[in-house]
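J.: Have a look at this one before I ask anything.
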Amino acid sequence: MIHLVDDQRLSAILRAGAPQDPDVAVFTTGHWYVRLCQAVLSAAQPGTLSGPFLDLPEPMRSRAIDALLALPESIGLVSLRDLGPIIGRLRTRHQLNILAMEALAAAIHLDAHVHLSVNSPKLEAALDDEGLTFVVS
């Protein structure tokens, strides 16, 4: 089974530092990964994405930031080389911002179950339209 996780779920995985379920492959998108990096590495104040990292005691914080800087091999990241053509075709069917479009394309490419931390009505509708499963938690 493949899980595609958003930036908040990715954050939780990196902070936990625990091995993943061997029966589940975890992937994220480039935009979700970049958004998490920007939030954590340039945080002047704790925010939704940066706060959980900043609140960790040392050395857990250093370990989590190291994992953020060099994603563990257990977390996949799909190349835009693979997603570009899919995104191009999806544009005729869905009106999504680029972050959501990349997530939809990655979910299709991977045939993944998508894990969202917050509701995204347009993305959820597009996932439904494409016959993909998701959970918001």
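J.: Take segment 95-137, drop everything but the C-alpha atoms, weight them equally and run the Debye formula without solvent; then report log10 I(q)/I(0) at 0.26, 0.27, 0.30, 0.32 Å⁻¹ to two decimals.
T.: One equal scatterer on each Cα of segment 95-137 leads to -0.90, -0.98, -1.22, -1.36.
J.: Could you please state, rounded to a whole Å, how far the C-alpha centre of segment 1-46 is from the C-alpha centre of segment 57-125?
T.: Result: 9 Å between the Cα centres.
J.: At a 1.4 Å probe radius, carbon and sulfur cover how many percent of the accessible area of the chain?
T.: 55 percent
J.: Rank by packing, highest mean first: peptides 23-32, 120-129, with packing defined as the count of other Cβ atoms within 10 Å averaged across residues.
T.: The packing order, highest mean first, is 23-32, 120-129.
J.: Could you tally the net charge around Ser117, taking each other residue with its Cβ under 15 Å from the Cβ of Ser117, Lys/Arg +1 and Asp/Glu -1?
T.: Overall, the nearby charge balance is 0.
J.: Find the accessible area per residue for the chain; the probe is 1.4 Å, ligands and nucleic acids are left out, and the unit is Å².
T.: 54 Å²
J.: Calculate for the chain the 222 nm mean residue ellipticity that helices alone would give, adding -39,500 (n - 2.57) per DSSP H run of length 4 or more and normalising by residue count, nearest 500 deg cm²/dmol.
T.: Calculated at 222 nm, the ellipticity per residue is -14500 deg cm²/dmol.
J.: What does the charge count around Ala25 come to, taking other residues whose C-beta lies under 13 Å from its C-beta (Lys +1, Arg +1, Asp -1, Glu -1)?
T.: Around Ala25, the charge tally is -4.
J.: Points 7 angstrom from Cα along the Cβ direction at Glu58 and Leu71: gap in nanometres?
T.: 2.9 nm
J.: How many percent of the alpha carbon pairs in segment 42-94 exceed a separation of 15 Å?
T.: 66 percent
J.: Where the convex hull is taken over the Cα atoms of segment 1-72, what is its projected area averaged over directions, in nm²?
T.: Average projection, Cα convex hull of segment 1-72: 4.5 nm².
J.: Per residue, how big is the convex hull of the chain when only Cα atoms are used? Give it in Å³.
T.: It comes to 108 Å³ per residue, whole-number rounded.
The values are calculated or read from the model by the stated rules, or taken from the named source; none is laboratory data. Keep in mind that what you see is a predicted model, and the values were worked out from it rather than measured. For neighbour counting, all protein chains shown are included, and Cβ atoms are generated from backbone atoms with ideal geometry for every residue, glycine included. Accessible surface is based on the protein model in full, side chains and every heavy atom, while ligands, DNA and RNA are left aside. Shrake-Rupley method; radii C 1.70, N 1.55, O 1.52, S 1.80 Å.
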